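Remarks on the structure that follows.
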DNA sequence: TAGACTCAG
DNA sequence: GATTCTGAGTCTA
């Protein structure tokens, strides 16, 4: 009877639901300490030890710990930051290129430990290491770093041992980020994403904390206010306050129909679960971006000439990113922030389908996108602008944004470059022509294929894939991300394309050495 | 599918 | 509370 129930659940629930009941998963959350500031200090070491703020427009978006100690806070205006701390050094952080690049390096280091890495912004990552933990029981059973445990109870399901192994892996990850990239970070280790993220913030900077399952409720309650739960933003919070819900306990005991009335069933259920520390969402492997864009805010402009100037700059910036990405977008969106006479502003956007001409193979290449292409896109943007703004009456605009989307799905667009991808691309039709393909940016694959597998097969595939990755042993820190015989510091200075080439060569070499027949391939072939 | 809205860092 | 800039996701029409 019980077995039947379990089977039933097994068919309809996600693996995450299954795992939750026994705290089966081991999730690591890595948060880079004051990310933008660290990048600036790496690029310019003379900034170290001095109070440093990163500015965007008239705002200090983040700052280093020296500045924080002197009273500078995130999102402070430059004026008040300088009042607080006259010695504050300001670095311009409006161009995100350097941060994007470092973020990508971090992702690659983390992905050499587990395929399941999910990016959250530039400076945070979730890593599911469950399959690594159950497969290496010889790792020390002592928790590395801090432990959050405020009760004597020990869970009997074995999660404490698994989390201890997770904390060991987290330490290795952080050591590598420090040694290879010069980046310090915090880590939280727990049995779900929500708790891993929350626990990681309890010891900062450059430390890590593991949450034992018996203490998850007290961690959640220590947040005091529902707004502090990730997933509850300002809009949801406003509605909760309207219901008189301003503590975690009130949210826990709120009647679900009242929450549903205010927020809809989905959000209502979700946030009430979160208030108990329950989060069944799985670590979703970060795919290539679905949209690529840029926006710029400014003091009000009132003429079409000014708009055209701004859009030209923006378009150049975005086209550079799109060209670097290599995929061909089919949608273009323009966002405009209008300033109303009543002094409140509203965002409006319009989008349209476009014909994007790739320059690859063209003899008339004239820089990113080509001039002809740019003129055409500018015309499209002008049309979109006129759909939003009636130029016959007076208007003021304080922000313009351009975003490309509608990229071909990863299965058909990006070449299958590494062995891991090969497994997953077998699901898709492989009858594509041999047209020139854009460079692959990262080893990504269709995770849904994996999720569809029976658990035993999934485990086997995971293990198999993990075996194909170079070891994550701390003794060989540069194995995966840097080909043998190349100084990692030199390697990371190389352009992305060159690095991809070198890594691809390295992989090819390894495959030819140890490729063995694999009957799992048959499984995928049948499935496709 | 377009567009608004909400969330995140 | 919103401010920066970027991107994902959901909901409605």
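Values quoted throughout were computed directly from the atomic coordinates according to the rules given, and no laboratory measurement underlies them. Source: prediction; values computed, not measured. Cβ atoms come from the backbone with ideal geometry, glycine included; neighbour counts cover every protein chain shown.
Taking only alpha carbon atoms, segment A:223-275 gives an Rg to Rh ratio of 0.89, where Rh is the Kirkwood radius. Per-residue packing, averaged as other Cβ atoms within 10 Å, sorts the ranges A:400-406, A:267-273, A:109-115 into the order A:109-115, A:400-406, A:267-273, beginning with the highest. As a rough guide to protection, the peptides A:146-159, A:94-107 ranked by mean Cβ packing within 10 Å, highest first, stand as A:94-107, A:146-159.
Computed over segment A:252-343, the convex hull of the alpha-carbon atoms projects to a mean area of 10.9 nm².
From the C-alpha gyration tensor of segment A:58-170, pull out the three semi-axes of the equivalent ellipsoid (sqrt of 5λ each), sorted largest to smallest, in whole Å. It would help to have the intermediate numbers written out before the result.
Working: eigenvalues 299, 82, 20 Å².
After scaling each eigenvalue by five and taking roots: 39, 20, 10 Å.
In segment A:272-299, which residues have a backbone nitrogen under 19 Å from the label point lying 7 Å from residue A:257's Cα in the Cα-to-Cβ direction? Answer for segment A:272-299: A:272. Full extension of the segment from residue A:92 to residue A:349, taken as 0.36 nm per residue of separation minus the current Cα-Cα distance, would add 89.7 nm.
Using equal-weight Cα scatterers in the Debye expression, the normalised intensity of segment A:291-406 in log10 at q = 0.24 Å⁻¹ is -1.42.
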